[in-house]
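Here is the structure we will look at.
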Amino acid sequence: MKLLVVEDEVKLAEYLRRGLTEEGYVVDVAHNGVDGLHLAMEGDHHLLVLDGMLPGIDGLGLLAALRQSKQTPVLMLTARIRIEDRVKGLQGGADDYLVKPFAFSELVARIEVLLRRTRPTRDVEGTTVLGLADLELDLVRRRATRAGQRLDLTAKEFTLLTLLLRRQGEVLSRTEIAEQVWDMNFDSATNVIDVAVRRLRGKLDAPFERTLLHTARGMGYVLEARDE
């Protein structure tokens, strides 16, 4: 899931970017209304976290412009506590409101609720469950099991496994994994992808007799059930 945070307080914006990234989201950030509107109109974000008071174009102005062509869910942040301010935002097209200061856990919970309301009930292939051999991934409940045993995955590991399952049988390069899961350009000098795959393999394959996640030497990784 890809989010856009439009917040002019640089420290808060960076705090939100880091926290939401750790929750498994891909996060873009803008620090003013003009840049925020451009990213919101041109991007493919699943949800916007929008500050009400912004330089250039304020939050309500950005929201009004966005609603002329897009219905992307919007969670507005505001320091204003008056009921009439919140009503104005909701009437202008905001899907939810959160007053500053706020708890990060509440922000995450509200984002999850909005995404559940708007995302399709089924995966693009027509199912909410992906599977391979004795591995099962429930996209709605965000739960992975193998041979009936729950796999304790982090948000990034879940996203990585989802990608591998959707493309099972295909060799995915480190570059493609970096772009799809981390939304970043792959730096061959780093081992972030290899480390992530090794950790996932430790949970996915190590406790079981059959290996599903394989290394294609010099090319990348592939998830498939091989005859052994």
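Can you give the FRET efficiency to the nearest 0.05 for Asp134 and Glu112, using r as the Cβ-Cβ distance and R₀ = 25 Å? It comes to 0.30. Taking every DSSP bridge with both residues inside the chain, close to 45 percent are antiparallel.
Annotation for region 160-179 versus region 44-98: alpha-carbon center distance of 35 Å. Here the convex hull built on the C-alpha positions of region 2-118 has a volume of 91 cubic angstrom per residue.
Taking the 0 to 90 degree range and rounding to the nearest ten, how far is the long axis of helix 104-118 tilted relative to the main principal axis of the chain, both from C-alpha atoms? Long axis of 104-118 versus the principal axis of the chain: about 80 degrees.
Full extension of the segment from Ser173 to Arg217, taken as 0.36 nm per residue of separation minus the current Cα-Cα distance, would add 14.8 nm. Here the Debye sum runs over all C-alpha atoms of region 129-223 as equal scatterers in vacuum, and log10 of I(q)/I(0) at q = 0.15 Å⁻¹ comes out as -0.54. Each Lys and Arg adds +1 at its Cβ and each Asp and Glu adds -1 at its Cβ; summed about the Cα centre, the chain shows a dipole of about 520 debye. The aspartates and glutamates whose alpha-carbon is closer than 14 Å to the alpha-carbon of Lys156, local same-chain residues fewer than 8 away aside, are Glu22, Glu23, Glu179, Asp183, Asp194.
Computed over the alpha carbons of the chain, Rg followed by Dmax gives 19.9, 66 Å.
Values quoted throughout were computed directly from the atomic coordinates according to the rules given, and no laboratory measurement underlies them. For clarity, every value in this text was computed on a predicted model and none was experimentally measured. Note: ideal-geometry Cβ built from the backbone for every residue, glycine included; neighbour counts use all protein chains shown.
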